[in-house]
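Worksheet for the structure shown next.
The values are calculated or read from the model by the stated rules, or taken from the named source; none is laboratory data. Keep in mind the model is a prediction, meaning the values are calculated, not measured. Cβ coordinates were reconstructed from backbone atoms using ideal geometry, including for glycine residues, and neighbour counts include every protein chain displayed.
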Amino acid sequence: MVVSVDAHGGVFRDGRRGSAEAVAPEAPAGVNDLNHRPVLLEFAPSLAFSEVQPVLDSLLRARCVNLAFLTATPGGARSVTLPVFVDHGCTALLYWFGATCHNEHAAPREHRWIELSAGPGGSLLLQGVREGPASGMISFPRPREDSAPGAPEPKTAAAKATRPEPWTDDRLRAEVNGRLFDEPFPMVSLTVRPTDRVADVVACLAAIERVVHGRVTVDILARD
């Protein structure tokens, strides 16, 4: 299934015009069931994320977990997976990365979160580094505030950047791969603001995925 938003805000499902509410598939009957049908998101690159947020909210209400952006590259079209966090009532990390479930419920781990945001052209900007549980990630139902209701405070707030610091793919790779066998386990969190361009977010997420191979979550803020 392909869900599109064009440069004028028109919403389509498999080429047929609809609304943000109507493009999502029907939610599973069971309250704990998930919708694993693959959904490709084809959003006009010039749009701000706030302009596509209603479509994402609709898909999350339908409990869709297999989401990916469709983007054009010099080598042709490719997909960039959008991780979806599953709120299951505790702090153990549980999220879907495409068709793969990352579930630490049986054996919770401590994490070292490298918090990034998307700069112009998809550049990586370091916001800070902290240790503790995840909070505020894209999930269903969508949180109304910047972080999930009741999300625990991080145990530490180490190395918070006073202003975003440009990072390279190589620096991120060295930081992550150098700690793969350490506790707390390294993870990347990408913060998305309503004013961020879709093109920048997708390019940044693609760069992160090339380095960390699924060890990434996305935190979409309700406001800047």
- Task: Kindly check whether there is at least one residue in region 84-92 that is closer than 29 Å to residue 107 by Cβ and among the aromatic types (Phe, Trp, Tyr).
- Result: yes
- Filter region 81-103 for residues that are more than 27 Å from residue 202 (Cβ to Cβ) and not hydroxyl-bearing (Ser, Thr, Tyr); which is surrounded by the fewest Cβ atoms within 10 Å (Cβ to Cβ)? 89
- Hey, could you check region 2-36 for residues that are part of a strand (DSSP E or B) and free of Cβ contacts under 8 Å to residues at least 24 places away in the same chain and say which is surrounded by the fewest Cβ atoms within 10 Å (Cβ to Cβ)? 16
- Message: When you scan region 59-71, do you find a residue that is in contact with a helix residue (DSSP H, G or I) (Cβ under 8 Å, 6 or more places away or on another chain), crowded, with 19+ Cβ neighbours inside 10 Å and at pLDDT below 90, even just one?
- Response: yes
